[in-house]
Amino acid sequence: QELPDKLPLKMPQQSRLIGKPVSRLDAPAKVDGSARFAIDVELEGMVNAAIKHPPIFGAKIKSVDDSKARQAAGVIDVFTIDSGVVVVADTFWHAKKGADQLRIQWTQPESVPDTEAIRRSWLGLAREDGDGLRDDGDIKDAMDEADHTLSAVYELPYQAHATMEPMNCTVDLGKDYCDVWVGTQGQGPTIETVVALTDLDYDQVRIHTTYLGGGFGRRGEVDFVAEAVLIAKRIKRPVKLIWTREEDMQHDFYRPASYHVLSGAVKQGQAHAWQHRIVGPSIMQRVAPGFVPAAMPRWLPRGLKSFSAWAAGGVIGMINDATLTEGAEDHPYAIPNVEVDLVTYDPGVPIGFWRSVGHSSNAFVVESFIDELAHQAKADPYEFRRGLLKEHPRHLAVLDLAADKAGWGKSLPAGRGMGIAVHKSFESYAAQVAEVEVDDKGGVKVRRVVCAIDCGIAVNPDTIAAQVEGAIVYGLSAALKGEITLKQGRVEQSNFHDFQVLRLQDMPTVEVHIVPSMESPTGVGEPGLPVIAPAVTNAIFAATGNRLRRLPINARDLA
C-alpha cells in the first residue's frame with residue numbers, strides 16, 4: 001500500500017493524550033517501595049563487595065595489610081584490582097566492615113590538584129591569549145568610546161553528583177554469558193566494557209537496566225561496572241558491588257570548576273561591549289574515547305575500535321570543547337561588540353557530565369553579568385533584557401511570562417528582592433524569577449521561584465513541571481550549599497554532612513508555567529537548572545546591593 005504524500009495530523013484540541021496531564025505509570029511502584037533499583041537486586045548464591053579507592057588522585061597501591069579484614073565476620077576474600085582493594089563478604093555490611101579493617105599504603109604522586117593551587121593557576125592563565133570563539137565588532141574601540149565600563153571575575157566550584165543511590169552494579173558471569181544489573185545512562189559503553197573485559201560476544205551479554213536512584217550524568221560512566229565485572233571474574237559467583245557514600249563522593253567525575261573574566265561597556269543606556277574569557281577543563285577530551293567504540297558497528301574489529309577511541313581523544317584535544325562554552329559563546333543578546341575566548345586547562349581532577357553540563361556554569365555568569373550591565377545603565381533588569389532580545393521571540397516569551405506571573409516590579413519588604421534570568425539550553429527556553437529574603441546575618445531564604453518554559457509541544461505537562469521542579473532543587477543545592485574542594489590531592493567532602501543538599505525547610509514555593517507551542521518537543525530534564533543560580537544571586541543584589549560572583553553563596557559575603 002502506498003503511503004500518502006502528506007499525512008494529516010490532528011489539531012491540538014483533538015489530541016486525547018498529548019498536552020493533557022497524565023499520571024506516570026511507575027509512580028505507584030516508587031511510592032509503595034516495589035520499584036526495583038540496582039541496589040535492590042538479589043540473586044541466588046550472590047555475594048557482596050566493597051572497595052577502597054586511592055584517597056589521592058593518581059595514587060597507586062603500595063602495600064596492603066589485610067590480616068584483620070580477612071578475620072572480620074562474613075569476609076570471603078580480599079584482593080586488589082587496578083582501581084583499588086576489594087573485600088568480598090556474605091553481606092554488604094560485612095564487606096564494608098572488613099574494608100574498614102584494611103591497612104593500605106598508597107604511593108604519593110609527584111603532582112596533585114589542590115583548590116588553592118588551581119585558583120592561582122587560573123589567575124595566570126586568564127592573562128594569556130585564549131582560543132577565539134566569537135569576535136563581533138571592535139572591543140577596544142567600543143571600550144574607549146563607552147560612557148561606563150566594568151570588569152568582573154566569576155568562579156564556580158567542582159560539584160559532585162551526590163546521587164541518592166551510590167554507585168553499584170550486580171554481575172553474574174558464566175563461561176558463555178554475562179548478566180549485568182545496573183542503573184545506567186550509557187548502555188552502549190556498558191556493554192562495550194563487559195565485552196572488552198570478558199572476551200564474550202555481544203549476544204552473550206545482557207544489560208538489565210533498572211531504575212536510576214539519581215543519574216544526573218554520573219551513571220553514564222562505567223568505572224563501577226568494570227570493577228564489578230573484574231570482581232565476578234575473580235570469585236566466579238554472582239556479585240553485587242556497592243560503593244559507600246564516602247567512596248562515591250570522593251571518587252566522582254565532577255562538574256568542572258571554571259573561572260571567568262568579563263568586561264563590559266554601556267553607551268547611551270545600552271549594552272555596547274561584552275568580553276568574556278573562560279578558563280576550564282575539557283569534559284569531551286576525557287569521555288570521547290569511551291563513547292566512540294559504543295557508537296561504532298559491533299562487527300568492527302576491537303583493534304580498530306581501540307585505535308578510533310585513541311584518535312578521538314587526540315582530535316578533541318585540538319578543537320574547542322562545546323561543553324565549556326555552550327550558553328556563553330552563543331548568548332542571544334544584541335550587543336554590537338562581543339568577544340568570547342577560551343583557555344583550556346586540566347588540573348588533574350576527574351570531570352564529567354553534570355546536569356545541564358556547561359550551561360550550569362555559563363548561564364550563571366552570563367545572566368549575572370547582564371544584570372551588572374543593566375545596573376550600570378540604570379535600567380530595570382527585565383526591561384534591559386527585553387531591549388536586547390528583540391530578535392529572539394522565544395526568549396522574550398518566557399521572559400515576559402515569568403515576569404508577569406511573578407508580579408515583577410511589585411513592592412517588597414526590606415531585605416527581600418526579586419531577580420530574573422533567561423537562558424536557552426537543549427533547544428528549550430527557560431526564564432525564572434526568584435524572590436529571596438536575606439537576614440541581617442547573611443542568611444538566604446529563597447521564598448518563591450516562578451519559571452516559564454518553552455519546550456515545544458508539551459506532551460505531558462505534569463512531567464514537564466516535575467522535571468523543572470527537580471532541576472530547580474538540584475540547581476539550588478549547588479547554588480546555596482554544594483562545593484567540592486581539594487587539599488593536597490584529596491577531596492575534603494565525604495558525605496551529606498559536609499556536602500549538603502537542599503532540605504525540606506529550604507524548599508521555596510515553585511510555580512511552573514508552560515508556553516503553548518506547536519514547535520517540535522525539546523528537552524525538559526535540564527533547562528530548568530541553569531537559570532536558578534543567577535535568578536537567586538540577582539535577587540540577592542536587589543535585596544542587599546551585594547553582587548555575588550562566586551558560588552556557592554556564602555553568608556560571610558552578605559553579613
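The values are calculated or read from the model by the stated rules, or taken from the named source; none is laboratory data. Quick caveat, the model's predicted, so the values are computed rather than measured. Cβ placement follows ideal geometry from the backbone for every residue including glycine, while neighbour counts extend to all protein chains displayed. SASA here: full protein model, heavy atoms, side chains in, ligands and nucleic acids out. Shrake-Rupley method; radii C 1.70, N 1.55, O 1.52, S 1.80 Å.
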Exercise for the section: Please state which one of Pro289, Pro293 is surrounded by 22 or more Cβ atoms within 10 Å (Cβ to Cβ) and modelled with pLDDT under 95. Expected result: Pro293
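For (1) surrounded by 15 or more Cβ atoms within 10 Å (Cβ to Cβ); (2) closer than 21 Å to Asp371 by Cα; (3) touching a His at 6+ places or on another chain (Cβ under 8 Å), each residue gets a yes or a no:
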| site | (1), (2), (3) |
| --- | --- |
| Leu123 | no, no, no |
| Ala126 | yes, no, no |
| Asp131 | no, no, no |
| Tyr154 | yes, yes, yes |
Problem - Neighbours by Cβ (under 8 Å, 6+ apart or cross-chain): first from the range 232-250, under 16 Å from Val78 (Cβ atoms); second of a type in the set (Phe, Trp, Tyr) and assigned to a strand (DSSP E or B) - result: Arg234/Phe79
Fill in the blank from the handout: Within the range 3-42, restricting to residues that are more than 28 Å from Val225 (Cα to Cα) and among the polar types (S, T, N, Q), the one that is most open to solvent (accessible area, probe 1.4 Å) is Gln13
Handout entry: Cross-chain or 6+ apart pairs with Cβ under 6 Å, the range 144-159 first and part of a strand (DSSP E or B), then open to solvent by 20 Å² or more (accessible area, probe 1.4 Å)
Key = His148/Gln376; Thr149/Met143; Leu150/Gln376; Ser151/Ser263; Ala152/Arg549; Val153/Val261; Tyr154/Arg549; Glu155/Arg550
Practice task
Identify the residue in the range 31-67 that is in a helix (DSSP H, G or I) and touching a residue at least 24 places away in the same chain (Cβ under 8 Å) and, among all such residues, is nearest to Glu519 (Cα to Cα).
Solution key: Ala38
Practice task
Kindly indicate whether any position in the range 381-403 is within 30 Å of Ser15 (Cα to Cα) and assigned to a loop (DSSP other than H, G, I, E, B).
Solution key: yes
Exercise for the section: Please work out if Gly475 is over 24 Å from the mean Cα position of the chain (by Cα), under 26 Å from Asp557 (Cα atoms) and touching a residue at least 24 places away in the same chain (Cβ under 8 Å). Expected result: no
Problem - Per-region count, the range 151-182, residues farther than 18 Å from Leu230 by Cα and not aliphatic (A, V, I, L, M) - result: 10
Exercise for the section: Tell me, please, whether a residue that is under 26 Å from Ile207 (Cα atoms) and assigned to a helix (DSSP H, G or I) can be found in the range 11-21. Expected result: no
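Here is a yes/no grid of residues against (1) open to solvent by less than 20 Å² (accessible area, probe 1.4 Å); (2) under 21 Å from Ala35 (Cβ atoms):
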{"position": "Cys178", "(1), (2)": "yes, no"}
{"position": "Val194", "(1), (2)": "yes, no"}
{"position": "Gly214", "(1), (2)": "yes, yes"}
{"position": "Arg219", "(1), (2)": "yes, yes"}
{"position": "Asp223", "(1), (2)": "no, no"}
Exercise for the section: May I ask you to verify whether Gly409 is free of Cβ contacts under 8 Å to residues at least 60 places away in the same chain, over 17 Å from Val510 (Cβ atoms) and either over 24 Å from the mean Cα position of the chain (by Cα) or in a helix (DSSP H, G or I) (or both)? Expected result: yes
Problem - Residue satisfying all of: in the range 89-98; open to solvent by less than 60 Å² (accessible area, probe 1.4 Å) and among the hydrophobic types (A, V, I, L, M, F, W, C); nearest to the chain's Cα centre (by Cα) among these - result: Phe92
Practice task
Scan Ile420, Ile370 and give me the residue that is hydrophobic (A, V, I, L, M, F, W, C), outside any helix (DSSP H, G or I), out of contact with any Ser or Thr (no Cβ under 7 Å at 6 or more places or on another chain) and open to solvent by less than 10 Å² (accessible area, probe 1.4 Å).
Solution key: Ile420
Handout entry: Single unsatisfied condition, Asn495 versus (1) part of a loop (DSSP other than H, G, I, E, B); (2) in contact with a strand residue (DSSP E or B) (Cβ under 8 Å, 6 or more places away or on another chain)
Key = (2)
Completion exercise
Over the range 342-352, the set of residues open to solvent by 10 Å² or more (accessible area, probe 1.4 Å) and touching a His at 6+ places or on another chain (Cβ under 9 Å) is Pro350
Fill in the blank from the handout: Val343 meets each of (1) among the β-branched types (Val, Ile, Thr); (2) more than 20 Å from the chain's Cα centre (by Cα); (3) assigned to a loop (DSSP other than H, G, I, E, B) with one exception, condition (3)
Exercise for the section: May I ask you to verify whether Val468 is touching a strand residue (DSSP E or B) at 6+ places or on another chain (Cβ under 8 Å) and assigned to a helix (DSSP H, G or I)? Expected result: yes
Problem - Residue count for the range 156-176, restricted to those that are more than 30 Å from Asp203 (Cβ to Cβ) and either of a type in the set (D, E, K, R) or exposed (fewer than 15 other Cβ atoms within 10 Å of the Cβ) (or both) - result: 1
Handout entry: Subset of the range 99-121 [touching a residue at least 60 places away in the same chain (Cβ under 8 Å), open to solvent by 30 Å² or more (accessible area, probe 1.4 Å) and of a type in the set (A, V, I, L, M, F, W, C)]
Key = Val112, Ala117
Completion exercise
Within the range 196-211, residues being open to solvent by less than 30 Å² (accessible area, probe 1.4 Å) and either under 28 Å from the mean Cα position of the chain (by Cα) or in contact (Cβ under 8 Å) with a residue 60 or more places away in the chain (or both) number 1
Completion exercise
Restricted to the range 259-280 and to residues being open to solvent by 10 Å² or more (accessible area, probe 1.4 Å) and assigned to a strand (DSSP E or B), the residue nearest to Gly352 (Cα to Cα) is Tyr259
Exercise for the section: Starting from the range 529-547, take each residue that is free of Cβ contacts under 8 Å to residues at least 40 places away in the same chain and list its partners that are open to solvent by less than 40 Å² (accessible area, probe 1.4 Å), counting only C-beta distances under 8 angstrom and pairs at least six apart or across chains. Expected result: Asn546/Ile540; Asn546/Leu558
Handout entry: the range 501-541 - residue that is assigned to a strand (DSSP E or B) and over 22 Å from the mean Cα position of the chain (by Cα) and, of those, surrounded by the fewest Cβ atoms within 10 Å (Cβ to Cβ)
Key = Thr509
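Can we say Ala288 is touching a residue at least 12 places away in the same chain (Cβ under 8 Å), hydrophobic (A, V, I, L, M, F, W, C) and not in a strand (DSSP E or B)?
So Ala288 passes the test.
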